[in-house]
RNA sequence: GCGGAUAUGGCGUAAUUGGUAGCCGCGCUAGACUUAGGAUCUAGUGCCGAAAGGCGUGGGGGUUCGAGUCCCUCUAUCCGCACCA
């Protein structure tokens with residue numbers, strides 16, 4: 001019987017489906033293991049060969065864990081809300097649900113062909129009301145909670161109300177937006193509207209006027225992680241800053257915990273580092289500088305309070321509310337012009353002109369609280385309104401930005417830190433600032449002579465003692481803007497009464513997405529939901545018109561998989577306590593600052609409320625590398641329809657043209673297919689080398705426009721899913737980016753055929769021997785058991801494949817068809833190549849699925865050798881090898897080596913200076 | 001500018017973590033079987049050299065009996081952040 005992969009794969013996929021082989025339920029008798037893939041957004045283009053890479057790796061791991069006796073949860077679903085489907089809907093008028101559904105079907109077909117062990121009964125789609133019910137529910141919970149900084153957790157808003165009744169907000173330490181202090185009496189005196197407005201400043205889901213990334217082309221607001229270099233990540237449209245009323249999630253309240261708990265996670269250092277940078281914690285002090293001739297002050301944040309004696313001017317963000325009152329009549333016009341200029345600039349322009357120093361004096365002065373000198377107050381773009389207090393004390397001697405600013409506008413520069421033993425030089429001669437974090441403080445009154453770290457401690461004490469300010473930790477992490485002015489997303493479970501938002505009762509959820517007549521904004525510029533006829537509560541209060549962003553639905557999907565059909569809750573306590581959290585999460589690094597921050601936040605919030613039992617969602621995370629494309633080129637002789645082969649192209653004046661990689665094999669162009677590829681090439685002529693047309697090649701992004709997209713279906717049809725799975729793993733380390741080149745796939749396919757042939761005799765009949773295996777055969781299989789187990793544990797799937805190849809090559813050489821060897825081999829390969837493994841397993845006479853077999857046990861005893869082939873080197877260069885009995889004493893080894901005839905040859909008459917014997921490793925003779 | 005990662009044959013890669021550099025596969029060369037070969041099998045294949053031998057893990061330097069692996073330095077590529085006070 002030949003290895004008929006398509007028949008075998010169809011047969012077993014059917015079998016798995018009929019027998020629900022991958023269905024999984026809570027089973028307290030077995031340890032659980034949760035393996036998760038980042039679920040895909042089902043795009044219209046379908047999967048290319050790069051997408052399943054991580055899925056295959058996690059599938060291998062899942063199957064391995066199952067064979068080891070774990071109860072493995074390995075689900076899959078779809079991140080189904082999103083912009084592309086809606087953009088398509090705008091163009092075609094087709095409901096996004098419809099295109100989404102079609103795309104999902106195609107994804108499913110493609111996924112099914114590859115033979116994954118997903119429990120499809122647990123599939124979720126974020127766009128279905130049964131699913132987004134719980135997205136909305138979590139939002140309502142966030143609306144109804146605030147963050148208590150003292151207990152470091154989310155608490156019910158009622159507790160806050162009780163506190164306000166008692167003490168106003170004078171004693172509370174909670175995460176909140178900017179708000180005035182009020183007493184209990186003042187609280188009680190407020191009407192409902194005022195009270196609600198006040199509470200809004202504390203809610204974890206809150207409505208606020210904020211500067212947002214507005215994308216006119218997409219007609220929506222975007223989150224910071226959805227914008228890159230001033231353009232939208234999806235679509236690449238320009239983004240501008242705008243102030244708008246938006247729903248936000250107070251994720252900044254969790255900044256400290258999000259940062260600290262990174263320590264507990266088994267993620268790569270680079271990914272943790274990205275998150276640390278994104279959260280951006282910095283320790284410093286808040287200090288008030290008095291405004292000259294006024295009782296008011298300017299609050300600044302600084303990480304270097306030790307340099308305060310060198311603060312020779314102050315700078316405010318142009319957007320700062322203080323600007324108005326600080327600007328003297330004399331400077332009014334200049335300041336206004338500057339602000340207008342700054343406001344008009346898009347984010348893009350700001351970045352392009354980042355090096356250009358601009359600024360404007362306000363006419364006012366502040367008093368440096370330590371030097372007691374008058375220092376000018378400026379405004380400049382380089383100070384950001386959104387970070388710290390939107391104002392800085394400028395220390396030009398020790399901050400490069402302040403330095404450049406001072407140089408440009410001729411402001412004084414005072415050095416306050418110097419290198420020990422170094423004589424301070426005239427700052428007027430400096431060409432750059434001295435941004436040192438170490439050194440001895442000078443020119444700084446009470447701080448003189450102290451080391452920077454001591455100086456910081458001393459000055460902080462004084463700042464607090466003098467009532468000038470306090471120590472403070474600042475975060476770069478901003479609250480997540482949660483509104484999108486779009487149709488295809490979760491509706492907010494919110495209605496408005498007197499212009500104030502109220503949450504819908506939890507038992508009224510889900511609030512289903514209404515039908516609209518077009519997926520465009522209304523004529524009044526409202527979001528598409530403004531078109532829905534009955535978009536209000538039964539009492540007539542209008543619902544929110546925005547919808548939630550893409551990350552809403554993906555923030556808790558890993559919890560929903562634990563209990564996907566539950567209509568009483570997101571996840572039952574029982575299911576959550578059994579599955580706990582994700583043991584292994586595999587996905588791309590592109591979600592480092594988006595999804596992976598949001599879902600950690602979401603999970604922590606639910607943890608605070610007691611709905612989930614673990615405070616982190618993903619224990620271990622692996623980022624698979626990107627699969628790049630490998631493009632092919634043909635070379636057209638300019639002005640002709642002639643194409644010249646790669647190595648001859650230098651003799652002609654040619655244009656390089658991308659050619660579809662699917663009509664090229666081993667860089668040899670199929671000229672007939674090329675002529676048929678596009679009408680303009682129908683009459684193409686070729687200048688060949690050795691009768692072939694050789695194409696050039698390059699590694700590029702896999703994309704349609706480069707004609708280098710390879711579809712997994714095509715590979716599966718030609719070679720089979722098992723070959724695809726193994727080849728994807730064989731390409732290289734999982735985490736590394738690498739180009740896809742279909743050429744190498746033959747080797748893997750040949751390997752599977754050789755594996756198959758181990759079970760067959762020369763006449764192509766199944767032939768398995770029940771004889772006892774020889775020592776050599778046992779050694780081969782146990783070596784492989786050891787290697788494969790280790791490699792899977794280390795996620796080193798590429799070396800695993802090579803170990804299989806070595807094993808099959810060696811067994812082929814030994815002509816081994818013993819059950820004792822082939823049975824464990826079949827189980828070993830089942831995670832990588834489940835279809836052929838099932839077929840072989842049944843060929844071996846088993847009735848159950850190979851998935852229910854037991855992972856073979858490795859026995860060291862079969863690998864023990866009596867001698868070691870020892871490399872003998874001279875001056876570090878290996879010259880020959882010698883079989884030496886294991887654990888032979890050093891001096892005997894030395895004797896044996898020196899006695900060897902080859903040794904004399906390499907000594908060449910000289911006597912050895914030194915002989916190094918590393919037992920069972922190497923012998924090195926120094927001459 | 002800051003932070004991180006990577007660099008090994010024609011190509012994808014491997015190397016028990018300081019101990020025989022190039023495993024496995026592609027490609028290539030030669031041969032066998034064959035009406036045929038984009039099938040299969042056998043042998044070879046880092047580079048230079050007829051050979052002996054020499055050279056060789058991005059470049060330079062160092063530690064060591066011994067370095068792809070450790071240290072210093074430079075270069076290139078990729079990724080993340082970017083006026084974050």
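Side notes on the structure shown:
- Cα centroid separation, segment A:842-857 to segment A:511-533 (Å): 56 Å
- Largest-first principal axis extents of the Cα set of segment A:281-475 (Å): 48, 37, 33
- Across chain A, the volume of the C-alpha convex hull divided among the residues equals 284 Å³ per residue.
- Packing rank of A:620-632, A:821-833, A:451-463, A:135-147, where each peptide gets the mean count of other beta carbons within 10 Å, highest leading: A:821-833, A:135-147, A:620-632, A:451-463
- Measuring nothing but how far apart in sequence close Cα pairs (under 8 Å, 6+ apart) lie, relative to its length, segment A:281-475 scores a relative contact order of 29 percent.
- 0 to 90° range, to nearest 10: angle between helix A:5-19 axis and chain A longest Cα axis: 60 degrees
- Structure-based [θ]222 nm, chain A - -39500 (n - 2.57) summed over DSSP H runs of at least 4, per residue, nearest 500: -10000 deg cm²/dmol
- Crossing angle, helix A:452-465 versus chain A [Cα axis fit, 0-90 degrees, rounded to tens]: 40 degrees
- Considering every alpha-carbon pair of segment A:281-397, the percent of pairs per 5 Å bin, from zero through the bin containing the longest distance, is 2, 12, 22, 24, 19, 13, 6, 1.
- Spatial separation of Cα centroids for segment A:391-441 and segment A:587-654, in angstrom: 43 Å
- Here the contact order of segment A:627-709, divided by its residue count and restricted to Cα pairs under 8 Å and six or more residues apart, works out to 44 percent.
- Beta bridge orientation in chain A: antiparallel %, DSSP, nearest 5: 80 percent
- In degrees, nearest ten, helix A:332-344 long axis to first principal axis of chain A (Cα): 20 degrees
- Separation of segment A:858-896 from segment A:30-94 is 50 Å, based on Cα centroids.
- Chain A, relative contact order in percent, only Cα pairs under 8 angstrom and at least six apart counted: 13 percent
- Globularity index of segment A:865-926, i.e. its alpha-carbon radius of gyration over 2.2 N^0.38 Å: 1.02
- Tail fraction, Cα-Cα pairs, segment A:627-709, threshold 16 Å, whole percent: 47 percent
- As a rough guide to protection, the peptides A:336-343, A:610-617 ranked by mean Cβ packing within 10 Å, highest first, stand as A:610-617, A:336-343.
Since every read-out is calculated from the coordinates, none of them should be taken as a lab result. On a predicted model such as this, the values are computed, not experimentally measured, just so you know. All Cβ positions, even for glycine, are placed from backbone atoms using ideal geometry, and neighbour counts span all protein chains on display.
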